[in-house]
Amino acid sequence: MVFYEALLKGVHPGWHSFLNEECSQDYFKDLMQSVKLAQQKVAVFPPEALRFHALHYFPPADTRVLILGQDPYHGPGQANGLAFSVAIGQNFPPSLRNIFKELKADVQIDPPFSGDLSPWAKQGVLLLNSALSVEQSKAGAHLKWGWELFTDRLIQYLSHNHTKIVFVLWGNYAQKKKELIDLKKHFILESVHPSPLSAHRGFFGSKPFSKINSFLEEQNRKPIQWQLD
């Protein structure tokens, strides 16, 4: 059994079968080596113990929603291993600020004190970035290193083995992943990205939070409580 103990510490045991298979692959070994070498030269975020933070809270079968991001925030102290989330005490990045604006408009929940989205994760919301590491001040630095292959396989694994998941694809990058998802088994919710560059072209007013819960309730699945604090 191939296992990267420090990296995978805290991951829910339900993911071990999938992770053991991927960890044994040459691409994943090369990826880990590349990230290890990068860490010796530059600051890499999030900390190693939080790289798989999105997989800490529940097994694959309990995934109700998957919200796909691109890669972690690249400022010191921001990334906590959950897509769009920031560590407690950090200022809200622009995209997260817009997510909270739409949260208020959609389901009348005021912006929270903290941008830590772990309360969503604890309910079966998989906050997954396509790349799980990044270098300081270099957005997308590790996207082509093998992380995309890993997370694409994770999406396919969920799509193939489970049902009734809401896949939330914000922006052109995330929407390219539609081909990985079985539309007969799952629900895809897409819009432009919440970035300030695009939010006014269709993210605002898209009502993703109420739509997610409507689908879950139609499938006799428990809705998400979006209140964060």
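The values are calculated or read from the model by the stated rules, or taken from the named source; none is laboratory data. As the structure is a computational prediction, the values presented were derived from the model and not from experiment. Cβ coordinates were reconstructed from backbone atoms using ideal geometry, including for glycine residues, and neighbour counts include every protein chain displayed. Accessible surface areas use protein heavy atoms only, side chains included; no ligands, DNA or RNA. Shrake-Rupley method; radii C 1.70, N 1.55, O 1.52, S 1.80 Å.
Quick notes
- Any hit, the stretch 15-29, residues being modelled with pLDDT under 95, closer than 24 Å to His74 by Cα and either open to solvent by 10 Å² or more (accessible area, probe 1.4 Å) or of a type outside the set (Phe, Trp, Tyr) (or both): yes
- Meets criteria (more than 24 Å from Lys122 (Cβ to Cβ) and part of a loop (DSSP other than H, G, I, E, B)) for Gly89: no
- Among the residues of the stretch 95-106, not a single one is outside any helix (DSSP H, G or I) and out of contact with any Lys or Arg (no Cβ under 7 Å at 6 or more places or on another chain).
- Positions within the stretch 28-83 being of a type in the set (Gly, Ala, Ser) and in a helix (DSSP H, G or I), in sequence order: Ser34, Ala38, Ala49, Ala54, Ala61
- Look at the stretch 192-216: where a residue is on the phi > 0 side of the Ramachandran plot and a partner is assigned to a loop (DSSP other than H, G, I, E, B), sitting 6+ places away or on another chain with Cβ atoms under 9 Å, you get Gly202/Val192.
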